[in-house]
Every structure is written in structure tokens, then in C-alpha cells.
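None of the figures in this text is laboratory data; all of them are computed from the coordinates on show. Quick caveat, the model's predicted, so the values are computed rather than measured. Cβ placement follows ideal geometry from the backbone for every residue including glycine, while neighbour counts extend to all protein chains displayed.
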């Protein structure tokens, strides 16, 4: 196991306010922690003007170049009147350093969860995703990763198996089913063939879309990366196969108003879901030395947890061999 390391232990309220003051922003002491585990995000009341949102980045995850690439992408979306929330440029930069921390500041944007059971909502989201991807296809990331089987499947699997997180009596079973799952993922990528890899949101689930009367705006591009367009679509889908087919049809009807969609990528839906399942377990394991994680995810690393993951991967192996949701 990794040694204990508390990456945000020195991020006290005074440190947050001092960080903001270092770039000329004077907080009034009112802090509200917002939901985030990878980073630390706070709504900060200001002495003058409305509250702002300050995001403090986890040490060691992204290089400065990778963070600035994400900021530039979101800013280009905003410049094209796509409802994303860019980091504010202050003192000539969107990324700032104070003490041990790097941070960015954003305008506060409110909203509610989207009603994904509404067909007009799905089409509306599809239109904006099409616009996001049209901009995303105009350039490529250089410092941020690509979504690939090696870094989202094999490397996380190997980390789990080599660091003692899986109970000894389940290690062989997990190793076997994970290998079969990764083989199934590779077959799905072969069926999809060559595809265009573009800049994506990367984690486009309902929690990262805030809905207002004017429609959605997209937040938290922290997982933005290069990959197939369908990565930003499948996370919106839920329910049984018929439900997902109907939902996908509505999303694509809006999406294709602004961006062509390669239907071969539908072979990747369950493969991408399987990658996410493997990667998520490793993400929890790699953060287990952060005290916030055992407190928030007490069920992780229990016997039951790994038994459920083995069954889950077995189900995914079968699903990956089924026909895709839609055909062109």
C-alpha cells in the first residue's frame, strides 16, 4: 500500500482566502465546499461582487500544460457561445499558484439536474454536444491523454492486482475476468475500426450538466481528453436496451444538426462502459490514502465490493458481444 499522504491537509480556510488574495480577490470569509473528490472546490463569498468558485487541483495529477490546455478548450467553447464555464483570466493567466497549491477561479453558475426522461431535453443536450465536438475536432491535445485500452484498462487492472487491494482469495478470479473483459474491449475496438479522436468533455454525465430555463451548461472538464465522440454520449444513456436505443436516437437527432456521427462507434458503448468500471476501481485505490475517500466510499475494498465487480465484468463480457444499439 502507498504511504499515507494527505494532499489537501494544508488547504485551510485561511489558505483558501490567502490564495485568492494573492491574485487580488478579497473573500469575505464565507466558504462552501462543493462536491468534488479529485480536487477541492469551494464557493467563496467576495467582499465586492457575487461569489466565485475556486478550484484547487490535486497535486501530481495534471501538469500545468495539461491544465492550461483544458482551460483553452473550454474558453474556445465559450467564445463560440457554447454554454461552458471557463476559468477566469486574472493577472494574465487562468492558472495560479500559492504555496503548495495550483488553483483556478470561475464564475458561479447555478442550475438543476437535467430531466433525461424528456425527449426534448435529450435532443437539446445532443445539439450542444454536437457543437462541443465540432470545436473539439478543430485541434488536438498535446499534454492530455487519449482514451485507450492500455491506459484506461490494462494499466488500472495491473495497478489493482499488484498493490494488494483485491482480497487474496478473489485475486485470481478478478485477474481472469479482467483479462477476458479487456480481450472483449479490444474486439469491440476492432469492430469499430478507425475513428477520429477528438477533444472531449470526457466525463459527460448528468451531474456535469446544469440545467436552466435557457438549457444546459457544461461544467467540470477536468477529465477532458482525446477519444471517440461516443464517449460523451453513452454516459447519458440508462435503462434497458430499448430505453437506451430510444434515448440515443433523440441525442443523435440533435447532435447531427451540428456534427456528423460515425455509427461504427456504437460498437464501443459497452466497451467504454467496461473500461470505466475497471478505471473507477483503480481511481479509488490510488486515492485511498486521501482521508476523504475512506470516509466517502466505505464500501470500497470490501469482500462484497470485489465480488460485485467480478460479476459486473462477467455481465459486460456478454454485453460487449451483442449487436450495437443502432445501425445506420
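See the values below:
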item: Projected area averaged over orientations for region 1-68, convex hull of C-alpha atoms, nm²; result: 5.7 nm²
item: Euclidean distance between Cα centres, region 67-106 to region 258-309, Å; result: 27 Å
item: Cα-Cα pairs of region 119-320 separated by more than 32 Å (percent); result: 20 percent
item: Sorted by Cβ neighbour density within 10 Å, fewest at the top, the residues 314, 286, 250, 142; result: 142, 314, 286, 250
item: Span from the region 221-239 Cα centroid across to the region 1-66 one, whole angstrom; result: 27 Å
item: Residue-span extension gain [residue 134 to residue 245] - 0.36 nm each, minus C-alpha spacing; result: 37.6 nm
